[in-house]
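A quick write-up on the structure given underneath.
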Amino acid sequence: MIRTEELLLNVGPQHPSTHGVFRIIVKLDGEVITEAIPVMGYLHRGTEKLAENLTYTQIIPYTDRMDYVSAMTNNYVLCHAVETMMGLEIPERAEFMRLIVMELQRVASHLVWWGTYLLDIGAMSPFLYAFRDREMIIDFFNELCGARLTYNYMRVGGVKWDAPEGWLDKVRDFVPYMEKKLKEYDSLVS
C-alpha cells in the first residue's frame, strides 16, 4: 500500500491580471482530488474612494479601467445611474449609440475570453482568429472615440459625440461577418 498524506494546492489564478479574483483550493490525497473549494475574491482598486472627490464626469475615465474588456459597459453603468438619480431623459440617438457600442464591447469581451481560454488549454488557432475579429471591433472604437482600450465615450445625458460618417455602415456590415465567424468558430472547436 502506498502511504499518502493530504495536500492543499492552490489552483489559479489562471491569468496574471486575475490576481485576487478567483482561485480553487484543491485537497489532494496522492493524485486523487478529494475536495475542491472555490474562493471568489474581488479586485479592489480603490475606485470608490477616488470617486468621492470627483464630479460625475471626472469619474467616467475610472470606469474604463475597472474592467478593461468591458470599458464601454462600465461607462454606461455610471452614466445611467446618475441619469436615473437625476431623472434625465436621454436622446434616442444617444441611447442607440450606447447600445451599439455596448453590444460591440460584449462581443469583443467574449472574443478575449474564448480565445485566451482555448489558448490556455493548448489551441493556438482559435486565439488568433478571436483576436483578429476583436481587432476589428477595437478599430471601430478607435474611429469613434480615438482610443483602443479605455474609451471615456459615454457622458451623463448621452455620449461624447455622434458616430463619424460611414461608421454605422461599417458596423452594420460587421454583424453578418461576425455571425458567419461564430459558425466557423463552432466548427473549429466543437
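The values are calculated or read from the model by the stated rules, or taken from the named source; none is laboratory data. Please read these numbers as outputs of a predicted model, since none were measured by experiment. No Cβ is skipped: glycine too gets one built from the backbone with ideal geometry, and neighbour counts run over all protein chains shown. Accessible surface areas use protein heavy atoms only, side chains included; no ligands, DNA or RNA. Shrake-Rupley method; radii C 1.70, N 1.55, O 1.52, S 1.80 Å.
Based on what the data block shows, is ALA51 farther than 21 Å from ASP162 by Cβ, in contact with a helix residue (DSSP H, G or I) (Cβ under 7 Å, 6 or more places away or on another chain) and at pLDDT below 95?
yes
Of the residues that make up the stretch 123-130, is at least one in contact (Cβ under 8 Å) with a residue 60 or more places away in the chain, surrounded by 14 or more Cβ atoms within 10 Å (Cβ to Cβ) and outside any helix (DSSP H, G or I)?
Checking the stretch 123-130: at least one residue is in contact (Cβ under 8 Å) with a residue 60 or more places away in the chain, surrounded by 14 or more Cβ atoms within 10 Å (Cβ to Cβ) and outside any helix (DSSP H, G or I).
Yes/no matrix, rows are residues, columns are (1) within 20 Å of VAL156 (Cα to Cα); (2) hydrophobic (A, V, I, L, M, F, W, C):
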| residue | (1), (2) |
| --- | --- |
| THR55 | yes, no |
| THR73 | yes, no |
| CYS79 | yes, yes |
| MET85 | yes, yes |
| ILE90 | yes, yes |
| ASP120 | no, no |
| ALA123 | no, yes |
| ALA130 | no, yes |
| ARG134 | no, no |
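Give me the pairs: first residue in the stretch 7-26 and farther than 19 Å from MET66 by Cα and open to solvent by less than 50 Å² (accessible area, probe 1.4 Å), second residue hydroxyl-bearing (Ser, Thr, Tyr) and modelled with pLDDT under 70, beta-carbon distance under 9 Å, and six or more apart or on different chains, which are they?
Pairs found: GLY12/THR18.
Would you check if MET102 is within 21 Å of ILE137 (Cα to Cα) and open to solvent by 80 Å² or more (accessible area, probe 1.4 Å)?
Here the answer is no, as MET102 does not meet what is asked.
Which of the residues spanning the stretch 90-123 are at pLDDT 95 or above and more than 14 Å from the chain's Cα centre (by Cα)?
Listed by number, the residues that qualify are ILE90, PRO91, GLU92, ARG93, ALA94, GLU95, PHE96, MET97, ARG98, LEU99, ILE100.
How many residues does the stretch 78-104 hold that are hydrophobic (A, V, I, L, M, F, W, C), touching an Asp or Glu at 6+ places or on another chain (Cβ under 9 Å) and part of a helix (DSSP H, G or I)?
Adding up the residues that qualify gives 2.
Determine if the stretch 150-164 includes at least one residue that is out of contact with any helix residue (DSSP H, G or I) (no Cβ under 7 Å at 6 or more places or on another chain), under 25 Å from MET66 (Cβ atoms) and open to solvent by 70 Å² or more (accessible area, probe 1.4 Å).
yes
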